[in-house]
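> A single structure is presented below for examination.
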Amino acid sequence: MGSEKLKHVDEALLEHCEKQTSKEDDKSHGPSLLTGVGFMFLTFNSGMAVYRSNGDLGAICFVGFSYLDLVLLFFCLSWYERTPPESPQREHLKMAVWLLTTMLTAAFSYKVAAIMPFPVQVLVWIMASVTILGGFYAFFLHREGTKA
């Protein structure tokens, strides 16, 4: 293919991408069908976990906390994606996302560590700590174009 044809193809692709972007901007940004199905699945599984807990208050609290945390996390992520890049609100949402993921990581680590022997408990908490600190670094300290 000649360079003239490549130029026309590139221009056509750019024009197509611009049209797609403007079409996406016109949408109401409502949840997709897949998101709705995912939340229905999460809600059903959480309800079943509460039902099967046989009144164990600790298990019910864990399921309720995890469900609420995940719903808030997805809401904050969705809100973050819709917020303009120059908005100061993005930093607040980024902090909320990190806190919600940190709490979820800690809750699951606690449940997993509770049924493991001590050496594995230590490993679980080390892995959770590295994940939390890695998320903090990625969200707040790392900047594009810099070398770590």
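> Counting only other residues whose beta carbon sits under 13 Å from that of TRP98, what net charge do I get with K and R as +1, D and E as -1?
0
> Starting at the first residue of region 33-50, write each ³J(HN,Hα) from the Karplus equation 6.51 cos²θ - 1.76 cosθ + 1.60 with θ = phi - 60°, in whole Hz, x for Gly and Pro.
So the Karplus estimates, Gly and Pro as x, are 4, 4, 5, x, 5, x, 5, 5, 5, 4, 5, 4, 5, 5, x, 5, 5, 5 Hz.
> Using only the alpha-carbon atoms of region 30-141 as identical scatterers, what base-10 log of I(q)/I(0) does the Debye formula give at q = 0.11, 0.17, 0.19 Å⁻¹?
Taken in order of the listed q values, log10 I(q)/I(0) reads -0.47, -0.99, -1.11.
> Give me GLU86, GLU91, GLU81 ranked fewest to most by other Cβ atoms within 10 Å of their Cβ, as a rough exposure proxy.
Going from sparsest to densest Cβ surroundings: GLU86, GLU81, GLU91.
Only the coordinates and a few stated rules stand behind these numbers; no lab work does. A quick note: this is a predicted structure, and the numbers were derived from the prediction, not measured. Note that we place each Cβ from the backbone using ideal geometry, even for glycine, and neighbour counts take in every protein chain shown.
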